[in-house]
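Engineer: Before I ask anything, let me first share the structure, which is written out below as structure tokens.
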Amino acid sequence: MDEYQEFCDFKEDKEENDTIVELPESGTVTVVGVRFRPAGKIYYFKVGEEELKVNDVVIVQTIRGVEAGTVVIGPREKPVEEIVAPLREVIRKATEDDLKTVEENKKRAREAFAICEKKIAEHGLPMKLIDVEFTLDVGKILFYFTAEGRVDFRELVKDLAAIFKTRIELRQIGVRDEAKFLGGIGPCGREICCCTWLGDFEPVSIRMAKGQNLSLNPSKISGLCGRLMCCLKYENECYGCQETTAEDGEEEVDEIIEKDDEIIEMEEE
């Protein structure tokens, strides 16, 4: 326990003061796009005094705390109207000490994973632990899990808080997010899209498979998550706009697939 207490006593310098930017009424703001995990959602932050480029590791403040992310979209001017408030400013480029802390956090996260699994078994909770994340300043530890229904994990949270001496957050995720976290090989023989490049899930319809004349056998059109494969959407617009020549020589336009019909939401509640 002393080892974890010593680790959790680490605090980021008080650069983590509020970095929310006051936006002008009009015009543009120079921002960069940052990801916190491979193929994760992109968040925008205002560029500070330092010059930034793609693949730079930066330190930013989020609603979860101080975190390290990677610049995936270089500096660009973005209209104020397109910015989702609140917009925060990049604190700094990551230093050598920051990078060491990131690697140390990954090691601690693996240890925390084993501890949490043990505690889940002790409490007999019907949940499957998927991943663990530490914020850079260790102000919060996030535990991601899947479960068939709602789980009363209040006692588990108390146990984890007593061990790690910091804020604990347990977040239930759906089967698509589970596949995104764990990865795997798709039926195409390549690593699945959601863990390599697909940042956001989009709605997919069974009519997309019908429109492409694909077999409706669930084993043929379902991904590792058991839901419709995301790639059904990639060529859907091409199939929806194709023109076919009827037998009598008249041209008929294929019915455009309605995007709001029979949609299966990617993200579970």
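The values are calculated or read from the model by the stated rules, or taken from the named source; none is laboratory data. Just so it is clear, the structure is predicted and the values come from calculations on it, not from any experiment. As a convention, Cβ positions derive from the backbone with ideal geometry for all residues, glycine included, and neighbour counts pool all protein chains shown. With ligands, DNA and RNA removed, areas are computed over all heavy atoms of the protein, side chains included. Shrake-Rupley method; radii C 1.70, N 1.55, O 1.52, S 1.80 Å.
Engineer: Looking only at region 1-22, how many residues end up being more than 17 Å from Glu49 (Cα to Cα) and either touching a Gly at 6+ places or on another chain (Cβ under 7 Å) or at pLDDT 50 or above (or both)? Show your work before the answer.
Structural biologist: Within region 1-22, the subset more than 17 Å from Glu49 (Cα to Cα) is 1-14.
Within this subset, residues satisfying the condition of being either touching a Gly at 6+ places or on another chain (Cβ under 7 Å) or at pLDDT 50 or above (or both) are none.
Looking only at that region, the number is 0.
Engineer: In region 221-239, which residues are free of Cβ contacts under 8 Å to residues at least 24 places away in the same chain and either in contact with a strand residue (DSSP E or B) (Cβ under 6 Å, 6 or more places away or on another chain) or in a helix (DSSP H, G or I) (or both)?
Structural biologist: Initial filter on region 221-239 (free of Cβ contacts under 8 Å to residues at least 24 places away in the same chain): 221-222, 234-235, 237-238.
Correct list: Ile221, Glu237, Cys238.
Engineer: Here is a follow-up. Restricting region 34-80 to residues that are small (Gly, Ala, Ser) and farther than 23 Å from Asn105 by Cα, which is modelled with the lowest pLDDT? Let's see the steps before the verdict.
Structural biologist: First pass over region 34-80, keeping only residues small (Gly, Ala, Ser): 39-40, 48, 65, 68-69, 74.
Next, from what is left, pick out any that are farther than 23 Å from Asn105 by Cα: 48, 74.
Working: Gly48: 89, Gly74: 95.
This residue is Gly48.
Engineer: Another question, if that's okay. Given the criterion closer than 30 Å to Ala114 by Cα and at pLDDT 90 or above, identify the matching residue among Phe201, Phe153. Show your work before the answer.
Structural biologist: Values: Phe201 fails: at pLDDT 90 or above.
So the residue among Phe201, Phe153 that is closer than 30 Å to Ala114 by Cα and at pLDDT 90 or above is Phe153.
Engineer: Picking from Lys180, Lys140, which residue would you name as being open to solvent by less than 40 Å² (accessible area, probe 1.4 Å), under 19 Å from Ala68 (Cβ atoms) and basic (Lys, Arg)? So that I can check it myself, show each step before the final result.
Structural biologist: Numbers: Lys180 fails: under 19 Å from Ala68 (Cβ atoms).
Only one candidate qualifies: Lys140.
Engineer: Keeping to region 188-220, report how many residues are in a loop (DSSP other than H, G, I, E, B), free of Cβ contacts under 8 Å to residues at least 40 places away in the same chain and surrounded by 13 or more Cβ atoms within 10 Å (Cβ to Cβ).
Structural biologist: Here the count works out to 3.
Engineer: Continuing with the same structure: Do we find that Arg64 is among the charged types (D, E, K, R), within 30 Å of Lys158 (Cβ to Cβ) and in contact (Cβ under 8 Å) with a residue 24 or more places away in the chain in this structure?
Structural biologist: Working: among the charged types (D, E, K, R): yes; within 30 Å of Lys158 (Cβ to Cβ): yes; in contact (Cβ under 8 Å) with a residue 24 or more places away in the chain: yes.
In short, yes.
Engineer: For region 77-92, which positions are farther than 12 Å from Ile20 by Cβ and among the acidic types (Asp, Glu)?
Structural biologist: Glu77, Glu81, Glu82
Engineer: Do the conditions hold for Glu104, that is, is it out of contact with any Pro (no Cβ under 8 Å at 6 or more places or on another chain), within 28 Å of Val72 (Cα to Cα) and either open to solvent by less than 50 Å² (accessible area, probe 1.4 Å) or small (Gly, Ala, Ser) (or both)?
Structural biologist: Details: out of contact with any Pro (no Cβ under 8 Å at 6 or more places or on another chain): yes; within 28 Å of Val72 (Cα to Cα): yes; either open to solvent by less than 50 Å² (accessible area, probe 1.4 Å) or small (Gly, Ala, Ser) (or both): no.
Taking the combined requirement at face value, the residue does not satisfy it.
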